[in-house]
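Right, one structure below, let's go through it.
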Amino acid sequence: MSELLFFNEECDIPSFFNEERVKQWLQAVADDYSFQLGTISFIFCNDDYILDVNRKYLNHDYYTDVITFDYSERKILSGDVFISLDTVHSNALEFNTTYEDELHRVVVHSVLHLIGFKDKSDADAKEMRQNENHCLELLKMI
């Protein structure tokens with residue numbers, strides 16, 4: 001049984017964010033990669049909140065757009081995903097895209113991590129970007 005949950009900490013979820021559409025989309029993404037959705041909690045927050053998570057749980061002292069804690073087992077995707085809306089917004093400006101498109105990219109980026117894709121090396125980052133683009137095309141069909 002899948003359960004996609006959306007929470008907010010110290011910020012408001014953007015009005016354009018359609019939870020039902022995102023749930024349908026992520027189900028399509030999981031299906032496309034032959035995985036099942038388990039329980040994934042998306043926690044939207046601000047920069048200070050994600051910095052605190054990064055320091056507390058990962059011993060990293062820097063801001064980031066997303067932190068994914070992977071609890072997946074076998075082919076069932078589960079995890080906690082922290083997304084800094086501040087950083088997503090600033091990245092949208094930097095990459096000359098819309099806030100909505102950048103948020104969707106970060107959401108699916110986290111799910112691709114749960115599937116097993118990495119992004120630390122240049123080759124892995126390129127593969128991740130290709131998969132993000134593929135998944136964003138799936139969103140257009142929802």
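Go through 141, 1 and list them by solvent-accessible area, largest first, probe radius 1.4 Å. List each step's numbers first, then the result.
Values: 141 145, 1 210 Å².
I get 1, 141, largest accessible area first.
How much net charge surrounds residue 136 when only the other residues with a Cβ under 10 Å from the Cβ of residue 136 are counted, with Lys and Arg +1 and Asp and Glu -1? Could you put the intermediate results ahead of the total?
Details: positive: 105, 140; negative: 101, 132, 137.
Surrounding charge for residue 136 is -1.
Considering Cα pairs under 8 angstrom that are at least six residues apart, work out the relative contact order of segment 80-141 and quote it in whole percent. List each step's numbers first, then the result.
Working: 37 pairs, mean separation 15.5, N = 62.
The normalised contact order for segment 80-141 reaches 25 percent.
If you roll a 1.4 angstrom probe over the protein chains with everything in place, what fraction of the accessible area of the chain belongs to carbon and sulfur, to the nearest %?
Working: 3620 of 7960 Å².
That fraction is 45 percent.
In Å², and per residue, what accessible area does the chain have when probed at 1.4 Å with the other protein chains present? Intermediate values should be presented prior to the final figure.
Working: 7960 Å² over 142 residues.
With the other protein chains kept in place, the chain gives 56 Å² per residue.
For segment 80-119, what is the largest minus smallest coordinate of the Cα atoms on each principal axis, given in angstrom and ordered from greatest to least?
28, 17, 15
Any idea how far the Cα center of segment 1-62 sits from the one of segment 82-142, in Å?
A separation of 12 Å, based on Cα centres.
Cut-off 10 angstrom, C-alpha nodes, Gaussian network model of the chain. Which of 60, 113, 89 fluctuates the most?
Between 60, 113, 89, it is 60 that shows the largest mean-square fluctuation.
Measuring from the lowest to the highest alpha carbon on each principal axis, how far does segment 75-142 reach, largest first, in angstroms?
34, 29, 25
Considering Cα pairs under 8 angstrom that are at least six residues apart, work out the relative contact order of segment 1-141 and quote it in whole percent. Could you put the intermediate results ahead of the total?
Values: 219 pairs, mean separation 31.1, N = 141.
Taking the mean separation of contacting Cα pairs over the length of segment 1-141, I get 22 percent.
Which one, (i) 28; (ii) 25; (iii) 67, gives percent of Cα pairs over 24 Å apart as derived from the coordinates shown?
(ii)
For the chain, build the charge dipole from Cβ charges (+1 Lys, Arg; -1 Asp, Glu) around the Cα centre, then report which of 99, 131, 16 sits farthest towards its positive end.
131
How big is segment 1-51 by Rg and Dmax over its Cα atoms, in Å?
That works out to 12.7, 36 Å for Rg and Dmax.
Where both partners of a DSSP beta bridge lie in the chain, what percent of those bridges are antiparallel, to the nearest 5?
Numbers: 6 of 21 bridges.
Just about 30 percent of them are antiparallel.
In the neighborhood of residue 109, defined by Cβ-to-Cβ distances under 11 Å, what is the net charge if each Lys or Arg adds +1 and each Asp or Glu adds -1?
Values: positive: 105, 129; negative: 65, 102, 119, 132.
Neighbour charge sum, excluding residue 109 itself: -2.
The values are calculated or read from the model by the stated rules, or taken from the named source; none is laboratory data. Since the model is a prediction, treat every value here as computed from it, not as a measurement. Neighbour counts run over all protein chains shown; Cβ positions are idealised from the backbone, glycine included. Each accessible area value is taken on the protein alone, full model and side chains, heavy atoms only, with ligands, DNA and RNA left out. Shrake-Rupley method; radii C 1.70, N 1.55, O 1.52, S 1.80 Å.
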